[in-house]
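S.K.: Sharing a structure, written as structure tokens. Questions coming.
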Amino acid sequence: MLPVGAGSCPAQGILGGVSDLIVISGPPGAGKTTVAAALSRLFEPSALVPGDQFFALIDQGYIAPWTSPAHHQNEVVTGAAGAVAGRFATGGYTVVYDGVIGPWFLETFAAASGVLFLHYAILLPPEPVCLERVRSRTDHGFKDQEAARHMYRQFAMADVDPRYVIASTDDADTLAHRLFHLVDEGRLQWPAHGAQT
């Protein structure tokens, strides 16, 4: 694969005939949305799927997703998001999904997507960086510091292969190009069967 503008970029993913599904995850303030948008621009054709929008579809009975009573809601929303992302991928688009998909919900998302494998990255800059971004951002309604701290620690303590964790404060374009090459090399493939180490 080559970035858009660097030559001819195939419309298919690493497996011929199947476009890629790339999940950019992490806690609030990790930079998911900015990095995912930059990464999506490197593919043609691509679909950028914002995970927060699926929670916004709940009209009545919304439960804060980081709380224990929200488990069923989160499972339903994760499945719906996976199904939409998977449909774009099987339809020929490289999909960049931007959302809080912890390792504990990755199987649910993947099963709903219907794809054979996906690429998974957790953006995890230092906790103070994430908290400051949450506190100071003006383009997002979520500003709950305690909830952000709780979600950060869930990711930091998760049982996940370190290959999927990107602990960096690089700018969005730099991270997007790094992720592009990691995807191209198969290093973020999940499940990891046959992926390079």
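The values are calculated or read from the model by the stated rules, or taken from the named source; none is laboratory data. Just so it is clear, the structure is predicted and the values come from calculations on it, not from any experiment. So basically every Cβ, Gly included, is an ideal-geometry build from the backbone, and we count neighbours across all protein chains shown.
S.K.: Name the single residue that is modelled with the lowest pLDDT among those in region 183-197 being assigned to a loop (DSSP other than H, G, I, E, B) and touching a strand residue (DSSP E or B) at 6+ places or on another chain (Cβ under 7 Å). Outline the logic, then answer.
M.R.: Taking region 183-197 as the starting set, the residues that turn out to be assigned to a loop (DSSP other than H, G, I, E, B) are 185-188, 191-197.
Subset that is touching a strand residue (DSSP E or B) at 6+ places or on another chain (Cβ under 7 Å): 188, 195.
Numbers: L188: 96, A195: 49.
Once the filter is applied, the top-ranked residue is A195.
S.K.: Restricting attention to region 44-69, which residues are more than 15 Å from L21 (Cα to Cα) and out of contact with any helix residue (DSSP H, G or I) (no Cβ under 9 Å at 6 or more places or on another chain)?
M.R.: Just the residues of region 44-69 that are more than 15 Å from L21 (Cα to Cα), to begin with: 52-69.
Correct list: A56, D59, Q60, S68, P69.
S.K.: Please report, ordered by residue number, the helices (runs of 4 or more DSSP H) entirely within region 93-182 with at least 2 residues that are over 21 Å from I63 (Cβ atoms) and without any contact (Cβ under 8 Å) to a residue 12 or more places away in the chain. Explain how you work it out, then say what you get.
M.R.: Values: elements: 106-113, 127-136, 145-156.
Answer list for region 93-182: 127-136.
S.K.: Quick one: would you say Q60 is surrounded by fewer than 19 Cβ atoms within 10 Å (Cβ to Cβ), at pLDDT 95 or above and farther than 23 Å from I166 by Cβ?
M.R.: Values: surrounded by fewer than 19 Cβ atoms within 10 Å (Cβ to Cβ): yes; at pLDDT 95 or above: yes; farther than 23 Å from I166 by Cβ: yes.
Spelling it out, Q60 is indeed surrounded by fewer than 19 Cβ atoms within 10 Å (Cβ to Cβ), at pLDDT 95 or above and farther than 23 Å from I166 by Cβ.
S.K.: List every residue pair whose Cβ atoms lie under 9 Å apart, where the two residues are 6 or more positions apart in sequence or sit on different chains, the first residue falls within region 58-86 and is touching a residue at least 60 places away in the same chain (Cβ under 8 Å) and farther than 16 Å from E107 by Cα, and the second residue, located anywhere, is surrounded by 12 or more Cβ atoms within 10 Å (Cβ to Cβ) and of a type in the set (A, V, I, L, M).
M.R.: Going by the 9 Å Cβ cut-off, the qualifying pairs are A64/A70; A64/A147; W66/V100; W66/A147; W66/A148; W66/M151.
S.K.: Only one of L116, L123 is loosely packed, with under 14 Cβ neighbours inside 10 Å, closer than 24 Å to A80 by Cα and in contact with a Leu (Cβ under 8 Å, 6 or more places away or on another chain); which?
M.R.: Exactly one of L116, L123 is loosely packed, with under 14 Cβ neighbours inside 10 Å, closer than 24 Å to A80 by Cα and in contact with a Leu (Cβ under 8 Å, 6 or more places away or on another chain), namely L116.
S.K.: Related question: Sort out which residues of region 63-96 are surrounded by fewer than 17 Cβ atoms within 10 Å (Cβ to Cβ) and among the polar types (S, T, N, Q), and write them in order of number.
M.R.: If the condition is that a residue be surrounded by fewer than 17 Cβ atoms within 10 Å (Cβ to Cβ) and among the polar types (S, T, N, Q), then T67, S68, T90 are the ones that fit.
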